[in-house]
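To start, the structure itself, in structure tokens.
The values are calculated or read from the model by the stated rules, or taken from the named source; none is laboratory data. Owing to the predicted nature of the structure, the values given are computational and were not obtained by experimental measurement. With ideal geometry, Cβ positions are generated from the backbone for all residues, glycine too; neighbour counts draw on all protein chains shown. Heads up: the accessible areas ignore ligands, DNA and RNA and are worked out on the full protein's heavy atoms, side chains in. Shrake-Rupley method; radii C 1.70, N 1.55, O 1.52, S 1.80 Å.
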Amino acid sequence: MKALIRENSAAFLLLTFMALFVAGCAAGPTAAQRSYTERKAAEAARAGFEALESEDYRKAIEYFTQALTLNRSVDNRAGEVKDLINIGRVYIALNDVKGAETHLSEAVSLAAGEKEEAYLSAALASLAKVRYIQGDLHKALTEIERSLEIDSRLGTRSGSKLNLKARIYIDTGKLEEAMGILKQAYEWNSSVENKQEVANTLRQMALISEARGKIAEAKKLYDEAYTNDSAVGDSARIADDLESMAELELASGQPEKAAFLYERSFVVSLNAGHLDDALARLYKIIQVYKKTGNNDKVKSYEKIRDGVIARKERGKSGR
């Protein structure tokens, strides 16, 4: 969850966010009260990030909401916007699109009203992702372009935002335009050594290569994405890269290679505790071996599948 806005975010320090506090009215809290409350809000936000580290998203929302309540109590508008964005992004992680939309829309409105352009850009980019998930590509493109325009005025760049814009172009069939954006994203992400976003860029380049029928090129790009994700240690994306390579091998008439890559993807997901993903990959392994007629492998992986299902059920029951 590194995309969330931390108190010590270098990007926002560059945008002088120390000057983002909004003065309260004369009858409001004293300077000492504001200072104390804002410190407590910062503590709540830090607790939210600690919850994220352990993937306790519900607890993260609880802490970020505490921070939001505290910042509102002393009219700290910049703090409110930051908390709303973080809550919205956690809801995205939870696949709660409505919750994300509600909080991010409020963040956009508040940031625009307060003329907090750095936060407005961040809120718009996150809201664009929500629109993309909702399938509203027109709104997604409008909002990510607004975010990029603000960044241009502020003199900042974001490879992740370029990646999102490129993905929207891919989904609307504008492959040439998408590739041009991805080349910019690759150059920027590489220059700042952001391996996670480099991998995201490479995956999208692979999608374009695949759509153009350049399978060997797509395989190479997925392999490069895998190398970058492995350096970061992102198990979910490592598993996705392996699965994508497996699907290309399967489409190329190489079921044995596909099965091997699916198996590696399954092991990564299982070891990371991502049981739903592990099961999905197990089903694909079983289907490949059924098609090749390898009944021993089918039986072996069906037993493994049953074990994973049992493990998942034990987890639900708390045993």
Probe 1.4 Å, all protein chains in place: accessible area of Val268 in Å², nearest 10? 40 Å²
At 7 Å along the Cα-to-beta-carbon direction for both Ala216 and Arg153, put a label point, then send me their distance in nm to one decimal. 4.9 nm
Spatial extent of segment 137-243: Rg and Dmax, with the Cα atoms as the point set, Å: 13.8, 40
Return the tail of the calculated pair distribution for segment 96-159, meaning the percent of Cα-Cα pairs more than 19 Å apart. 25 percent
Say a paramagnetic label sat at a point 7 Å from the Cα of Gln134, along Cα to Cβ; which residues of segment 86-112 have their backbone N under 14 Å from it? 92, 96-109
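List, in the order given, every pair from Lys59/Lys98; Lys139/Lys214; Lys40/Lys98 whose Cα-Cα distance in the structure shown is over 25 Å.
Numbers: Lys59/Lys98 19 Å; Lys139/Lys214 31 Å; Lys40/Lys98 28 Å.
Going by Cα-Cα distance, Lys139/Lys214; Lys40/Lys98 fall outside the 25 Å limit.
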Taking every alpha carbon pair in segment 76-129 and sorting the distances into 5 angstrom bins from 0 up to the bin holding the longest one, the percent per bin comes out as 5, 28, 36, 20, 9, 3
Rounded to whole angstrom, the alpha-carbon centroid of segment 143-221 lies from that of segment 44-89 at a distance of 30 Å
Most packed first (mean Cβ within 10 Å per residue), the peptides 57-66, 289-298 order as 57-66, 289-298
Please give the FRET efficiency for Asp75 paired with Val192, using the beta carbon to beta carbon distance and R0 = 35 Å, rounded to the nearest 0.05. 0.50
Computed about the Cα centre, the charge dipole of segment 153-276 from +1 Lys/Arg and -1 Asp/Glu charges at the Cβ has a magnitude in debye, to the nearest 20, of 580 debye
Hey, which aspartates and glutamates would be in cross-link range of Lys290, C-alpha to C-alpha under 13 Å, not counting anything within fewer than 8 residues on its own chain? Glu256, Glu302
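Taking all protein chains as present, what is the carbon and sulfur share of the accessible area of the chain, in % to the nearest whole number, probe 1.4 Å? Could the numbers behind the result be given before it?
On the way: 8250 of 16290 Å².
Ligands and nucleic acids excluded, carbon and sulfur reach 51 percent.
Give the accessible surface of the chain per residue, rounded to a whole number of Å², with probe radius 1.4 Å and ligands, DNA and RNA excluded.
Numbers: 16290 Å² over 319 residues.
Value returned for the chain: 51 Å² of accessible area per residue.
Can you check how the C-alpha radius of gyration of segment 199-319 compares to 2.2 N^0.38 Å, as a plain ratio? Don't jump to the answer; show the numbers that get you there.
Numbers: Rg = 15.2 Å, N = 121, 2.2 N^0.38 = 13.6 Å.
Against the compact-globule rule of thumb, the ratio is 1.12.
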For q values of 0.22 Å⁻¹, compute log₁₀ I(q)/I(0) with the Debye formula on a Cα-only model of segment 225-267, without solvent. -0.63
Sorting Thr227, Thr172, Pro255 by the position of each Cα along the dipole of segment 127-277 (Lys, Arg +1; Asp, Glu -1; all at Cβ), the one nearest the positive end of that ordering is Thr172
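Let me know the charge dipole size of the chain about its Cα centre in debye, to the nearest 20, where only the beta-carbon of Lys, Arg (+1) and Asp, Glu (-1) is charged. Could you put the intermediate results ahead of the total?
Details: 47 positive and 47 negative charges, 125 e Å.
I would put it at about 600 debye.
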Which whole-percent values make up P(r) of the chain when all C-alpha to C-alpha distances are grouped in 20 Å steps starting at zero? 27, 52, 19, 2
